Each structure stands twice: as C-alpha cells, then as structure tokens.
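Chemist: A single structure is presented below for examination.
Every read-out reported here was derived from the displayed coordinates using simple, explicitly stated rules and does not represent laboratory data. Since this is a predicted model, take the numbers as computed values, not measurements. Positions of Cβ are backbone-derived with ideal geometry, glycine not excepted, and every protein chain shown enters the neighbour counts.
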Amino acid sequence: MGEGVRVVVVVMLFHLSHQKLPSHVGLNGLEDSPLTEVRAVEGGRVLLPCNMEPPLANDSTHLVLFYHGDVGTPIYSLDSRSVSLEQASHWADDDLGGRAYMRLEKSLRGLLLEEVQLKDEGEYRCRVDFLESPTRNLRVRLQVIVPPRTLAITTDHFREPSVKGLAGPFPEGAEVTLSCQVIGGHPRPQVAWWHEGSLLDDVSEVMTGQVTRNALSLPPLTRSDLNKTLTCQAANSDLTIPLSEAVTIDMKYPPTSVRLVAGSEGQVTLTEGVGRALTCEGRGARPPARLQWWKNGSPLGHTTMVEIEGEVSRSTLTLTPDSGDNGSLLTCRGFSPGLPDLVLENSTKITVLYKPQLVLQLDPHLDLEDVEEGDDVIFRCLVSANPAVTGVQWAHNGVPLQNNLTQGVHVSYDTLVLQGVTRAFTGTYTCAAANPEGARTSDALQIAVKFPPTCAEGQQTVYGAARHEQLHVPCHVQSYPEPISFRWAVNTSTGVVDVALNLSSSSGNKSTVRYTPQTHHDFGHLLCWAQNDIGSQQDPCVFHVIPAAKPESVTECRAERNATMPATYVVMTCLPGWDGGLNQTFTLEVRQAAKEEVLEAFRHAPDPLFIITGLKVGVEYLLTVTAANSRGSSPPLTITYTASAASADKVVSPHAHNALLSITPFLVLLVGVLVAVSACVGVGVILAKRQRRRKSGAKILYAGPLKDGQENHDVHTIVCVNRECEKEELMKNSVCGGTVGSFYVNPSTLLNNSGVAALETDVLLRERSAPLASVDSLGRCSTPSSICTNTSKTTSSRSSRASSSTVALNPDYLAKDPDFLVKTPEYLVAKDPDFFAKNPEYFVVKNPDYLMTKSPEYLLAKSPEYLVAKSPEYLVAKSPEYLAREDRFHEVSVGPVVHMHKESSV
C-alpha cells in the first residue's frame with residue numbers, strides 16, 4: 001500500500017466448499033456466491049480480495065478474471081495455465097491504466113486498485129478457474145468515500161456570507177439561528193451541532209444536490225451565553241476526519257446600573273464659583289457603558305475624565321456652578337455603544353450656595369430722565385440668594401438710609417419709596433444684602449430731580465462803584481436742567497427797568513451783567529431771574545449797587561499767646577470793618593516802640609490775622625493794622641505788645657471794649673502749629689475764609705482732612721461760635737498731636753520765610769512720612785498736621801492770598817541755601833542751643849555723624865544699628881542688654897577690644 005493512504009479492508013470470510021461445481025453453472029447462479037464489502041477513500045488505494053487457492057491439494061489455478069458491474073468482459077486477467085502463479089501473465093483493461101495490479105501474497109491475494117476514483121465504486125466478481133476443480137466465483141462490493149469539500153456557518157442577524165470564529169455581537173434576548181452548510185461528500189455527510197461534547201442537533205433540514213444544511217435555533221440569549229462555543233461537524237465515514245467549524249457567541253447588552261457617586265441621595269450642594277468633581281459610574285454593560293452628562297435636559301459640553309475597568313465605566317465631571325445652576329437637575333446617562341436606545345440614567349438636584357444678586361429697578365411708570373420736585377419715586381430691589389437674606393439695606397450716595405431716614409423716605413424689605421422728592425433727593429441709590437456666602441451691592445441708579453432756578457447761596461450781594469464806573473455783576477443760580485435764559489432788571493428810585501439783553505452774557509448756571517451807574521438815581525438793586533425747562537425763577541437774586549467808599553478801620557484787635565507757645569511768638573487778630581462796597585485787604589506793620597523804622601510789614605492779606613515770630617523778650621512793639629480797597633485806606637489801628645517770659649500774654653486794642661460788632665461767618669482758619677520733638681515739625685497754619693457780616697454771630701471753621709467724595713463739610717470740623725473759642729482753637733497745640741510745652745518751630749522754617757520752601761524742608765525732617773499740605777477750593781487744609789500758609793517776603797513788604805500771614809523777625813536766622821543748617825549744624829547750635837535737644841531726628845536723617853559726636857545716647861535709643869557701624873565699643877559699653885535681645889548681632893572678643901559684627905542677613 002502506498003504512503004499516506006489508509007486502506008481498510010473488511011473481509012467476510014465464508015467457508016468455501018471444496019466441492020467442484022458443475023461445469024454448467026452460469027451467471028445466473030452468481031447471486032449465491034460469497035460477497036465481500038470493502039471501502040476506500042477517493043484518491044486512496046484498496047485491495048479487492050479474491051481466494052485463488054485450489055480446493056484440492058493436487059489441483060492448480062489456471063486463470064483468474066476480474067469483472068466490474070454487469071460488463072461481461074473482464075477488466076483484469078491472470079493467466080497461469082502453463083506457468084506458476086508467480087510467473088503468470090497479467091492483463092488490465094485500458095480504463096484501469098496502470099492503477100490495478102494483482103497481488104499474489106497468500107495473506108493479501110486480490111486486485112489492488114490505486115488512486116481510487118468514484119467511478120471505481122460498484123460490485124466486482126472474481127472468477128478463478130482451476131485445472132481440475134470447478135470454477136470459483138467471488139463477489140466484492142467496493143464503496144468509494146468522497147469527503148465533504150466545504151463547511152460554512154451563517155446567521156440570520158448579519159448580512160455577512162459566513163461567520164468566522166466569532167458570531168455576534170448579539171443583543172441580550174436575541175433569538176439567533178446558526179446555519180451550518182456543507183457542500184459535497186459521498187455518501188452525503190451527517191451535519192451536527194455540538195457544545196462541549198454534547199450533541200445539540202444532528203438533523204439536517206436541507207439535502208439537495210451537493211448541499212447539506214443543519215440550522216440550529218438558539219433560545220433567547222442571556223448574559224450567560226456570552227463566549228459560548230458551538231461547533232458544527234460534518235462526517236460521512238470513519239475513514240476520514242470529520243469537517244468542522246467552531247464559533248463563539250459574542251454579545252452586547254446595556255448597563256445594569258448607572259449611579260452618581262456624589263449625589264446618590266438625590267441632591268448635591270455646591271458653592272458658586274468653586275469647582276467640584278462629580279463622578280458617574282456605569283456597570284454591567286458590554287461594551288463598557290458610554291456615559292453622558294445632561295443638565296435640565298440638555299447635554300453638557302464639559303470635558304470629562306473617563307476610566308474603564310472591565311464592564312465598569314467611570315466619568316468624572318468638574319462642575320463650576322453659577323447661581324443660575326441652583327435647582328437644576330443634573331443627569332448622568334449610560335448606554336452600551338451597540339445599544340444606544342437602551343439607556344439607564346441617574347439624576348440629582350443641584351443646590352448652589354451663592355452670594356446675593358441684586359437688581360435695582362425703578363417703577364416702570366417713571367422715567368429717570370423726567371423726575372421733578374414733588375414726584376413720588378419707587379425703587380424695588382430684586383434679590384436672589386441662597387441661603388436667603390434676612391433684609392435689604394438702602395443707601396443714598398453711599399450713606400445708609402436706615403441710619404439717616406428723612407421726611408418723605410419710606411423703606412420696606414425690598415421697596416424704597418421717596419414721596420414728594422426735592423432736589424436733596426438727587427444722587428445715586430443702591431441696595432445691598434448679605435447672607436453667609438457674602439455680601440453684594442446692586443448697580444447704582446441715579447436720579448436727578450428737576451427743579452426751577454433758585455438763587456445760589458454765598459454770592460457777593462453788595463457792589464460799590466462810582467458814577468460812570470462799569471460793574472461786572474455775576475448772578476449764580478441753582479437749577480436742573482441748566483437755565484435756558486436769564487433776565488436782568490434794575491430797581492432804582494425811578495422804578496424797575498429791564499436791562500438790555502446785549503449787556504449780559506450767560507453760561508450754564510451763571511449770567512454776568514455789565515452795569516454802569518450814570519447818576520445818583522442809578523444806585524439801587526440789580527435783579528436777576530433765570531428760566532429752565534421746568535419753569536421760571538420765582539424770587540430774583542438781588543444785588544445792591546451802592547456808591548463806593550474807603551473801608552472802615554478794623555476793630556477789636558488782639559495780640560495773644562498761650563502757655564504752649566514760645567515767648568517769641570504772638571498771634572494777632574482783628575475784626576474787619578465795612579469794606580466800602582469793594583474788596584479790601586489788610587496790612588500789618590511791626591515797629592519797635594523806641595524806633596520809627598518798620599521792622600517787618602505784610603501787605604494785601606485777605607484777612608486781619610497775622611502770626612508774628614522772632615520777637616525779643618522784654619522789647620515793646622507797635623503793631624499797626626490798616627485796611628485798604630481801590631478807593632483808599634482806612635485809619636490805622638495800633639496796639640502795643642511786649643513779649644514776656646510769662647506762660648501767656650494778651651493785649652487788647654483800646655477799642656475792643658467799646659466794640660458792639662459781633663463776628664459773622666468767617667473763612668475756614670487753620671493756624672500754624674509748631675511741631676513737637678517726635679511728632680510734627682514746622683508750622684502748620686490753615687485758614688479758610690467766611691465773609692463777615694456786621695451784626696451777626698461769629699463762626700470760625702477749622703477743617704481737617706476731607707473725606708473722599710465729600711465737599712463743604714468734614715468729620716473733623718470744629719465750629720467756634722464766639723471770640724474766645726476762636727482764640728482758643730487758634731492757639732491750640734494739639735492740632736499736630738503735640739503735648740504741653742511742645743509748641744516749637746524748627747528754625748529751618750525761617751531760612752527764607754517762604755512757606756513752600758520751608759514746608760519742603762520740614763517734610764524731610766519728619767522722616768519723609770507726611771505728605772505736603774494741599775488746600776481745597778474752600779481754603780481748607782487737606783492734612784491736619786500740614787501747613788497751609790503761603791507767604792512771600794521782601795525787605796519792605798509782603799503779599800499773600802492765603803488765609804493767614806506769618807511775619808518773621810530776626811533775619812539773622814535766614815540763609816539762601818535751604819540746606820544751610822544741614823551743612824553747618826554748628827550755626828544752628830550757636831543760634832539756638834535748645835534746638836538739638838528738641839529735634840534730634842533732624843540730624844538722624846541729615847547728619848548722623850554730627851549727632852554721633854554730640855549725643856550718642858540719642859542714637860543708642862533711636863538707632864543702635866547705626867552705632868554698630870560707627871562705634872561698636874560704645875554700644876557694648878552702654879547697652880549690653882540690646883545685644884542680648886537682638887540675635888542678629890554676635891559678640892566677638894579680640895584682645896581688650898570688643899567688636900560687633902552684624903549677620904549678613906540683616
């Protein structure tokens with residue numbers, strides 16, 4: 001038998017009778033001859049057995065013939081009639097070609113067919129003729145096995161022609177049919193489905209032509225069917241290996257659960273503007289669940305972080321909420337990518353804590369641009385907050401209304417009602433609220449209350465002029481909106497006459513008229529009316545035009561010094577007389593009683609108030625004050641003053657006790673304060689002017705720093721209502737924060753008697769920490785300890801428009817160079833030995849080396865680190881306790897000398 005070919009021969013051995021058959025037995029008797037069945041695989045080899053052994057011992061085989069089917073001619077013959085079997089001649093039909101050969105081995109005698117073909121199948125007859133014995137006929141039935149050619153598995157769920165290895169994925173619950181189709185095979189193969197050695201189905205539904213098909217219908221799939229392996233096997237003989245194909249069931253199914261890890265209790269609390277990570281977890285989906293975030297039914301486009309572990313998916317969303325998210329519904333949806341319609345979701349309510357949000361609204365029936373006096377204005381504050389607020393605060397121009405309720409203002413929780421508004425209600429309005437998350441204030445709404453023009457306060461109402469002298473009289477009104485026209489008239493002894501329009505000019509709330517009295521009848525009253533869109537001015541502004549004259553003399557002059565002022569200082573004040581209808585100024589001349597020449601003079605002072613410095617103790621001085629206007633000068637008033645070493649001095653003019661004049665509203669006044677050792681340096685004098693009117697109460701206003709955004713008033717205002725209060729405030733030593741005995745002027749302020757230069761020097765002496773003074777439009781000083789004095793000096797006169805005047809005697813203290821005292825401290829010590837003790841800080845800044853030679857004790861107290869560099873031995877000797885306190889210095893002894901070294905970090 002050839003290599004690779006398996007030949008299985010099944011031989012049915014029958015007991016052959018050795019009886020010689022009659023010679024007349026023909027073909028009709030072959031049906032009773034013995035039958036042997038053999039099988040062979042197509043392409044293989046097979047032995048068709050034939051018993052050639054003679055039945056008798058002395059007999060011999062003469063002829064062997066093989067027939068196939070019903071053909072009467074042999075297909076193969078063996079002729080041994082004249083020779084032995086081994087030497088017999090062989091003959092084969094052409095159809096067999098070289099594929100047949102007679103084998104003569106005693107155990108394997110018969111016809112051997114090679115390369116078996118399907119046509120070789122059928123019944124064969126072997127005829128053996130003996131010399132003496134009857135002919136023997138044997139039958140052999142050959143079955144040729146043709147294995148099936150192909151096997152393919154298909155499914156009704158997919159359009160693919162066949163399934164290879166993996167079937168699916170099928171959804172959970174699907175009813176799947178797997179068809180196993182086999183082509184070819186002889187005899188027809190048996191097609192069967194198996195699962196792990198168990199037969200599932202071996203009944204083929206289709207057997208046509210070359211096709212044999214077995215369809216396996218599976219029950220509805222469950223998750224347990226995942227990865228189940230099914231095998232289709234086709235076999236038609238035990239001579240061949242069955243043809244088979246295995247498929248594995250793949251499945252897809254939705255998640256079993258979707259859960260918000262934070263907020264699983266149905267609510268999550270967040271804080272406005274604070275990001276928080278929220279995690280959604282989906283389990284049991286194949287493929288792993290895809291998770292999506294939704295808010296109030298709309299998908300969120302936020303970037304999320306996704307993790308997958310087996311059939312568990314996690315999505316983390318970082319949510320930074322705003323107030324609008326409060327009460328929103330946050331949903332996490334999960335689904336398998338293969339089953340987008342099978343969705344599980346889990347939702348939670350978002351609670352957002354946020355600071356109040358306020359919207360200030362005006363009554364919709366009111367127009368902000370059309371609010372007039374007498375209207376009612378209603379504001380509503382719309383508040384949104386979580387947690388809720390307990391109340392709303394209302395403010396007008398930044399001032400809480402709850403603390404400043406006025407008539408016509410009514411406040412409720414969220415409503416502000418202004419009844420019968422006046423121009424005082426003009427400004428910005430806000431509402432504010434707070435909760436545990438914080439506080440907020442609404443945007444401001446501004447109302448400008450419209451009102452007809454009225455005459456502005458504080459105007460000059462009396463004008464003096466000569467005949468044929470032209471006056472320019474301004475008329476200021478208050479109105480909103482601005483006036484659209486002005487009307488002028490003059491009321492004289494001859495009646496009221498309108499002034500021609502070409503004699504006046506207007507701009508904004510001001511109109512100026514040019515008026516020239518020609519005769520004595522033209523002196524009288526100028527009347528001014530304005531008109532705007534709201535209406536006309538009811539009461540006119542009245543200006544008195546009187547004949548001009550020289551001013552009257554000043555009265556009630558006083559020269560005073562309190563206990564805290566140096567003996568060389570004195571403050572002189574007077575009451576101004578009538579100004580003659582024109583602007584007046586004042587002149588002070590200082591003389592020694594024993595001499596005629598003028599020592600110092602200050603001219604054109606706006607008020608009769610002077611600070612005189614540099615007086616000599618025990619010397620009698622004449623202090624003369626004169627008023628002047630464009631018409632001339634008043635009679636002078638002179639008082640005498642002698643500086644004494646007593647604690648206080650006071651000199652009153654001889655007319656003071658007869659004066660019945662009282663002081664009317666005066667300009668704001670800040671008088672020079674002479675600075676203490678460690679506090680203020682220099683003279684701070686602030687005066688602001690109020691116009692005085694005769695026979696009215698006096699009022700002097702001392703103003704401190706202005707509050708931001710406010711004008712015309714101050715929280716530090718001190719109001720004096722009598723002459724003694726004025727003097728007391730004028731000479732107080734506490735304005736700069738000093739103590740008793742500290743009223744001292746740094747002589748450096750007297751370098752050139754110029755307030756600006758002196759101020760700059762003094763500011764440097766205050767360790768560069770205090771800003772220079774500034775004066776507002778009302779003449780007030782914006783810094784309590786600053787100096788508002790602005791004077792200038794020549795040898796013969798002074799002029800100033802400030803509210804106070806300083807007259808300095810003893811010009812020996814003056815120098816051209818402002819830093820003169822810094823460069824030559826000996827000059828200062830020689831002139832004023834007490835200066836060094838009173839103001840050593842000056843030298844700490846400007847000349848510490850000089851101070852080291854004069855007062856190392858002071859440096860020890862104020863600046864021991866300076867001594868470390870300049871004189872460590874002194875520091876060690878004087879203050880070892882300082883070294884113990886300061887770990888920045890270390891003591892290193894080198895011989896008898898102790899040196900101090902400062903760490904590099906200092």
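Chemist: Residue separation times 0.36 nm, minus the C-alpha to C-alpha distance between residue 261 and residue 630: what's the value?
Modeler: Contour length minus Cα-Cα distance gives 123.6 nm.
Chemist: Modelled label-to-label distance, residue 57 and residue 224, 7 Å Cα→beta-carbon offset: nm?
Modeler: Distance between label points: 7.6 nm.
Chemist: Would you mind checking which residues have amide H under 5 Å from residue 289's amide H? H placed 1.01 Å from N; only 5 or more apart, or other chain.
Modeler: Residues meeting the amide H criterion: 313.
Chemist: Shape verdict for region 441-505, please, from the Cα gyration tensor: rounded (a/c under 1.5), prolate (a/b greater than b/c) or oblate.
Modeler: prolate
Chemist: Which FRET efficiency, nearest 0.05, do residue 507 and residue 454 yield, Cβ-Cβ r, R0 22 Å?
Modeler: 0.75
Chemist: Would you calculate the separation in nanometres between label points at residue 175 and residue 200, each defined as 7 Å from the Cα along the Cα-to-beta-carbon direction?
Modeler: Label-label distance for residue 175 and residue 200, simple model: 1.6 nm.
Chemist: Between beta-carbons, use under 13 Å as the cut-off and find the net charge around residue 185, counting Lys and Arg +1, Asp and Glu -1.
Modeler: Around residue 185, the surrounding residues sum to +2.
Chemist: Looking at this model, which pairs from 164/228; 252/295; 164/252 are more than 21 angstrom apart at the alpha-carbon?
Modeler: Flagged as over cut-off: 252/295.
Chemist: Still on this model: Tell me, what ³J(HN,Hα) does each residue in region 152-158 have, in order and in whole Hz, if you take phi through Karplus 6.51 cos²θ - 1.76 cosθ + 1.60 with θ = phi - 60° and put x for Gly and Pro?
Modeler: Taking θ as phi minus 60°, the curve returns 9, 10, 10, 9, 7, 8, 9 Hz for region 152-158.
Chemist: Now for a separate question. What relative contact order, as a whole-number percentage, does region 519-605 give when Cα pairs under 8 Å and 6 or more residues apart are counted?
Modeler: This gives 20 percent for region 519-605.
Chemist: In addition: Using 1/(1 + (r/R0)^6) with R0 = 51 angstrom and r between the beta carbons of residue 466 and residue 359, what's the FRET efficiency to the nearest 0.05?
Modeler: 0.20
Chemist: Taking the simple approach of a point 7 Å from Cα along Cα-to-Cβ for both residue 443 and residue 597, what is their distance in nm?
Modeler: 7.4
Chemist: Using the Karplus curve 6.51 cos²θ - 1.76 cosθ + 1.60 with θ = phi - 60°, what ³J(HN,Hα) values do you get for each residue of region 530-539, in whole Hz, with x for Gly and Pro?
Modeler: 10, 9, 10, 5, 7, x, 9, 5, 7, 9
Chemist: Run the numbers for residue 244 and residue 320: contour at 0.36 nm per residue of separation, minus the present Cα-Cα distance, in nm.
Modeler: Result: 21.3 nm gained on full extension.
Chemist: Additional query: Once phi is turned into ³J(HN,Hα) by the Karplus curve 6.51 cos²θ - 1.76 cosθ + 1.60 with θ = phi - 60°, what whole-Hz value does each residue of region 365-382 show in order, with x for glycine and proline?
Modeler: 8, 10, 9, 4, 7, 9, 9, 10, 4, x, 6, 9, 10, 10, 9, 10, 10, 8
Chemist: List the residues whose amide H sits under 5 Å from the amide H of residue 456, counting only those 5 or more places along or on another chain, with H placed 1.01 Å from N in the peptide plane.
Modeler: Amide H to amide H, under 5 Å and 5 or more residues apart or across chains, residue 456 pairs with 476, 477, 478.
Chemist: Amide H to amide H, which residues 5 or more places from residue 112 or on other chains are under 5 Å from it, using H placed in the peptide plane?
Modeler: Counting only residues 5 or more places away or on other chains, the set is 48, 101, 102, 103.
Chemist: Excluding residue 325 itself, what net charge comes from residues whose Cβ is under 10 Å from its Cβ, given Lys and Arg +1 and Asp and Glu -1?
Modeler: Summing Lys and Arg as +1 and Asp and Glu as -1 gives -1.
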